[in-house]
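Okay, structure first, notes after.
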Amino acid sequence: MSLDQPAARQSDHPVAPQFLQRWSPRSFTDRALSEAEVMSLLEAARWAPSASNHQPWRFVWARRGEAVFEALHACLTGNNLTWAGKGAALVVVASKDTVTNREGAEVANRTAGFDTGAAWMSLALQAQTMGLFAHAMGGFDREKLAAAVRLPEGHTLHCVVAVGEQGPAEALPEDLAAREKPSSRKPVAEIAMHGRF
Ligand SMILES: Cc1cc2nc3c(=O)[nH]c(=O)nc-3n(C[C@H](O)[C@H](O)[C@H](O)COP(=O)(O)O)c2cc1C
């Protein structure tokens, strides 16, 4: 499908194009994802770096048309309920809170969230190489989602990611269609300091 793409993002400094081309649209086409394609997304996430290679990330996935997809979708809140059901797949991103130390005790994994964030970005960039887009959502009912995925004790839910082929903005309700464009960023000078804050 050819879409009227908004003006391309501009970087302050030279950067590989994938970083500017990834964004989070809300409109998806009817294109389905095969199970093999979902596995490719998860494979990319699998290879993310993590402290001591603990790999704390955990994923629960479902494809549109499956009853489990509907169950995950029903846990979303606000506008997410309106658009994310058109996604070809939903991926719940969670992490295990603890690791086993040398003495065999379960201790907090302080970097679990950080590591899992890297894994989600790997998934998003893999989606991009497959001609797809991934849109993370923190807007979900935590208790309902925990019950839906049977979240084990000692695990944390981070977000639900909708993945699919980008659709036309016009397919969205008017208010969401108006927001269907890549956002900008703070300048590097505002977020990075030389040597100290
Ligand atoms: C952890 C997380 C939670 C988010 N929650 C939502 C959400 O609930 N609904 C939504 O539409 N977008 C959500 N987003 C998307 C962000 O708004 C989006 O990534 C941000 O505005 C930057 O835009 P971009 O991804 O298009 O570059 C979330 C993103 C992240 C990483």
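The values are calculated or read from the model by the stated rules, or taken from the named source; none is laboratory data. These numbers were taken from a predicted model, which means no experiment stands behind them. Here the Cβ positions follow ideal geometry from the backbone for every residue, glycine too, while neighbour counts run over all protein chains shown. Only protein heavy atoms, including side chains, enter the accessible area calculation; ligands, DNA and RNA are left aside. Shrake-Rupley method; radii C 1.70, N 1.55, O 1.52, S 1.80 Å.
Annotations
- Every condition in (1) aliphatic (A, V, I, L, M); (2) open to solvent by less than 80 Å² (accessible area, probe 1.4 Å); (3) over 14 Å from the mean Cα position of the chain (by Cα) holds for Ala67 except the one numbered (2).
- Only one entry in Ser40, Ser24 is more than 19 Å from Gly154 (Cα to Cα), out of contact with any Lys or Arg (no Cβ under 8 Å at 6 or more places or on another chain), away from the ligand (no atom under 16 Å from the Cβ) and of a type in the set (S, T, N, Q), namely Ser40.
- Verdict on Ser50 being among the hydroxyl-bearing types (Ser, Thr, Tyr), surrounded by 16 or more Cβ atoms within 10 Å (Cβ to Cβ) and either more than 16 Å from the ligand (Cβ to nearest atom) or at pLDDT below 95 (or both): yes
- When region 8-30 is filtered for residues that are open to solvent by 80 Å² or more (accessible area, probe 1.4 Å) and assigned to a loop (DSSP other than H, G, I, E, B), the ones remaining, listed by number, are Gln10, Asp12, His13, Pro14, Asp30.
- Single residue of Val99, Val93 found to be in contact with a helix residue (DSSP H, G or I) (Cβ under 6 Å, 6 or more places away or on another chain), at pLDDT 95 or above and within 25 Å of Ala48 (Cα to Cα): Val93
- Within region 94-130, being of a type in the set (Asp, Glu) and loosely packed, with under 13 Cβ neighbours inside 10 Å holds for Glu103, Glu106.
- Considering residues of region 137-180 that are more than 16 Å from Ala62 (Cβ to Cβ) and assigned to a strand (DSSP E or B) only, the residue farthest from the ligand (Cβ to nearest atom): His155
- Any hit, region 166-176, residues being touching a strand residue (DSSP E or B) at 6+ places or on another chain (Cβ under 7 Å) and either more than 28 Å from Glu35 (Cα to Cα) or of a type outside the set (Ser, Thr, Tyr) (or both): yes
- Single unsatisfied condition, His194 versus (1) of a type outside the set (Val, Ile, Thr); (2) surrounded by 11 or more Cβ atoms within 10 Å (Cβ to Cβ); (3) under 27 Å from Gln10 (Cα atoms): (2)
- For region 66-107, the candidate set comprises residues that are outside any loop (DSSP other than H, G, I, E, B), among the hydroxyl-bearing types (Ser, Thr, Tyr) and in contact with a strand residue (DSSP E or B) (Cβ under 7 Å, 6 or more places away or on another chain); within that set, the residue that is nearest to the ligand (Cβ to nearest atom) is Ser95.
- Summed over region 131-150, residues that are open to solvent by less than 50 Å² (accessible area, probe 1.4 Å) and more than 22 Å from Lys181 (Cβ to Cβ) total 5.
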